[in-house]
Amino acid sequence: MVVFVGAAFPSSCFTSSLTARASLLFNSILSRPSSSSLSLLPTFRNLSITSSFSTLNSSASPVEEDLVSHSHKTNRWKPLCLYHTQGKCTKMDDPLHLNKFNHSFSTEFQVNAMEVKHLSPQNMDYFLVLDLEGKVEILEFPVVMIDAKTLDFVDSFHRFVRPTEMSEQRINEYIEGKYGKLGVDRVWHDTAIPFKEVLQQFEIWIAHHHLWKEELGRSLNRAAFVTCGNWDLKTKVPQQCRVSSIKTPTYFMEWINLKDVYLNFYKRRATGMITMMKELMIPLVGSHHLGIDDAKNIARVLQRMLVDGALLQITARRSSMVPGDVQFLFKNRIR
């Protein structure tokens, strides 16, 4: 198994964060995969680089089109630009930068069109794959959105999160130990924002995709979070909400633990993402424990399970009356 480790990201890629919620830009690559199965390395195709917001409909520049053509010929793996995943890349017209870093998610989610025809009907329209990073406080909040009917990559949301109760010295030590070895500590320092702001931006994102309305104050609409374990939503999000002095949002009240679905579908136990990928012979792409890369890899496991015929159902639900009370809905589950 080959593990590709992300490279350092140039600080010139960064611009100051937009503070007005209405001005948030969510850059997304909306490209429909059309060939070969979940493959070892991404296959680059013609890409249209656009914003998630319909008001921004600019097409790829000639420079970008030339580089896409070059990438199609060389077919080489490139690390993601982690400024771009957060809507903060200012070097989209720089050929050297575009040639060095990947700015497309869709190329890494390849499913055979014939296999999609045999999918089991799902109760959801979209799956939101979430994989948080950070043991003391949340450091990274990545979400990958997959269409439940076509298995297409739809969009992504990615933010680095700045702790609120740690000293600056402790934060520097924490980030050096966590992200320094991956070469992405600089981009974290350049882009990280408090958890409360992350949730505000995330709510704009899910509302844009018609998955949730603030005034309704309920769970997601025809969508569900998918996690690799219960820790992310059972433990960490409520814990971080308490630290940030905010109420746990209602859209975090239920989720799908992929480990439990895996156990009941394949009739074998998988302790984590790496085990599932090994058993399904899906190569790891990117850096393990970089949240956005882990979310992508979990999404690839999800795609494979859906192709194999798995039905994804809610596995855990938090009580609205007693927030700490979580009901696990599968009798057979990973404990």
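Miscellaneous remarks
Rundown of residues vs (1) surrounded by 21 or more Cβ atoms within 10 Å (Cβ to Cβ); (2) out of contact with any His (no Cβ under 8 Å at 6 or more places or on another chain); (3) assigned to a loop (DSSP other than H, G, I, E, B), yes/no style:
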{"site": "ILE246", "(1), (2), (3)": "no, yes, yes"}
{"site": "ASN264", "(1), (2), (3)": "no, yes, no"}
{"site": "ILE282", "(1), (2), (3)": "no, yes, yes"}
{"site": "ASP293", "(1), (2), (3)": "yes, yes, no"}
{"site": "LEU302", "(1), (2), (3)": "yes, yes, no"}
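- Counting only helices (runs of 4 or more DSSP H) wholly contained in segment 136-237, the ones carrying 1 or more residues that are at pLDDT 95 or above and in contact with a strand residue (DSSP E or B) (Cβ under 7 Å, 6 or more places away or on another chain) occupy 185-191, 195-208.
- All positions within segment 58-112 that are of a type in the set (Asp, Glu) and at pLDDT 75 or above: ASP93, ASP94, GLU108
- Applying a threshold of 6 Å to beta carbon distances and a minimum spacing of six or more residues, or different chains, the list of pairs starting in segment 312-334 at a residue that is over 27 Å from LEU151 (Cα atoms) and ending at one that is among the aromatic types (Phe, Trp, Tyr) and open to solvent by 30 Å² or more (accessible area, probe 1.4 Å) is empty.
- The requirement of being open to solvent by 70 Å² or more (accessible area, probe 1.4 Å), of a type in the set (Lys, Arg) and in a helix (DSSP H, G or I) is satisfied by LYS278.
- Flag if ARG317 is among the charged types (D, E, K, R), more than 21 Å from the chain's Cα centre (by Cα) and either surrounded by fewer than 21 Cβ atoms within 10 Å (Cβ to Cβ) or part of a helix (DSSP H, G or I) (or both): yes
- In the set ARG222, ARG269, only one residue is surrounded by fewer than 17 Cβ atoms within 10 Å (Cβ to Cβ), in contact (Cβ under 8 Å) with a residue 40 or more places away in the chain and within 16 Å of LEU128 (Cβ to Cβ); that residue is ARG222.
- When segment 214-255 is filtered for residues that are farther than 30 Å from MET305 by Cα and charged (D, E, K, R), the ones remaining, listed by number, are GLU214, GLU215, ARG242, LYS247.
- You will find that of ASP131, ASP125, the residue that is open to solvent by 10 Å² or more (accessible area, probe 1.4 Å) and more than 19 Å from TYR83 (Cα to Cα) is ASP125 and no other.
The values are calculated or read from the model by the stated rules, or taken from the named source; none is laboratory data. Model, not experiment: these values are computed from the prediction. Don't worry about glycine lacking a Cβ; one is built from the backbone with ideal geometry, like all the others, and counts go over all protein chains shown. Only protein heavy atoms, including side chains, enter the accessible area calculation; ligands, DNA and RNA are left aside. Shrake-Rupley method; radii C 1.70, N 1.55, O 1.52, S 1.80 Å.
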